[in-house]
Each structure stands twice: as C-alpha cells, then as structure tokens.
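Step one of this worksheet: look at the structure below.
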Amino acid sequence: MKKKRIALMICALVLALGSVAASADGATATIRVEGMHCASCASSIEKKLKATEGVEEVRVSYDRKEAWVKYDDQKTSVAKLREAINSTGFKAVEEKAELRN
C-alpha cells in the first residue's frame, strides 16, 4: 500500500512539473498588420508564420488587420514574427503588439 501511494505521488509530481514547463515556454502575440485586403492576403501571412521555427498556432484576420500567434518563446521572438510578416510584403506594426505568457 505504501509503495502504491509513493508511486502515485511521483506520478502526480512528474505530471505537475511537465505542465509547468510547457506553460513556461509558451507565449502569444497579437500583431497589427497593414496592407491586407482579402482572405488570400491573410493566408499568405499565415503560411509564412506557420513555417517559422517555434510557431505553434496562427490565426490571421484580414477583417481585423491582425495576426494572433502562439509560439515557443525559447525558439522565436516577436521581432522574428514581425520579420516573417514583413517578408511577405505586408507591414507588421510594432507599437500594436500584445504579448502574453
């Protein structure tokens, strides 16, 4: 009985530490994008961001003129995300970025 209790405690500890590590590396950013006029524009930006190392999830809205990105902040940064957007011919507006960890 004592061994089973210890095994359960170890398992719970491992799971707890794993979830802390996963949330510590994750971040989100909402970046204002100028120049989008249609869904194809948004699709181009989304494709480029998804190909960026460390990016986990992307949503781009041409209606809202913004890109929402979930990324691993150990592998990439908001500056790199902006560079990826700018490389598509659109303009990532710096002062409008919102970060969350």
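The values are calculated or read from the model by the stated rules, or taken from the named source; none is laboratory data. This one's a predicted model, so the numbers in the text were calculated from it and none came from an experiment. Glycine gets a Cβ as well: all are built from the backbone with ideal geometry, and neighbour counts include every protein chain shown.
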Margin query: With the requirement that a residue be under 19 Å from M36 (Cβ atoms), in contact with a strand residue (DSSP E or B) (Cβ under 7 Å, 6 or more places away or on another chain) and in a strand (DSSP E or B), what does the range 60-91 give you?
Written below: V60, E66, A67, W68, V69, K91
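Residue-wise test of (1) of a type in the set (K, R); (2) buried (at least 16 other Cβ atoms within 10 Å of the Cβ).
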{"position": "C38", "(1), (2)": "no, no"}
{"position": "A42", "(1), (2)": "no, yes"}
{"position": "K47", "(1), (2)": "yes, no"}
{"position": "E57", "(1), (2)": "no, no"}
{"position": "D63", "(1), (2)": "no, no"}
{"position": "T76", "(1), (2)": "no, yes"}
{"position": "L81", "(1), (2)": "no, yes"}
{"position": "A84", "(1), (2)": "no, yes"}
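Going by the conditions given, is E94 surrounded by fewer than 19 Cβ atoms within 10 Å (Cβ to Cβ), part of a strand (DSSP E or B) and either more than 14 Å from the chain's Cα centre (by Cα) or modelled with pLDDT under 95 (or both)?
Values: surrounded by fewer than 19 Cβ atoms within 10 Å (Cβ to Cβ): yes; part of a strand (DSSP E or B): yes; either more than 14 Å from the chain's Cα centre (by Cα) or modelled with pLDDT under 95 (or both): yes.
The answer is yes for E94.
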Check: Looking only at the range 35-63, which residues are charged (D, E, K, R) and more than 16 Å from the chain's Cα centre (by Cα)?
Finding: D63
Next item on the list: May I ask you to list the residues in the range 73-91 that are modelled with pLDDT under 95 and acidic (D, E)?
Entry: D73
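Does A7 count as small (G, A, S), surrounded by fewer than 11 Cβ atoms within 10 Å (Cβ to Cβ) and modelled with pLDDT under 95? Give the steps one after another, and end with the answer.
Working: small (G, A, S): yes; surrounded by fewer than 11 Cβ atoms within 10 Å (Cβ to Cβ): yes; modelled with pLDDT under 95: yes.
Spelling it out, A7 is indeed small (G, A, S), surrounded by fewer than 11 Cβ atoms within 10 Å (Cβ to Cβ) and modelled with pLDDT under 95.
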Check: In this structure, does A67 turn out to be in contact with a Leu (Cβ under 7 Å, 6 or more places away or on another chain) and modelled with pLDDT under 95?
Finding: no
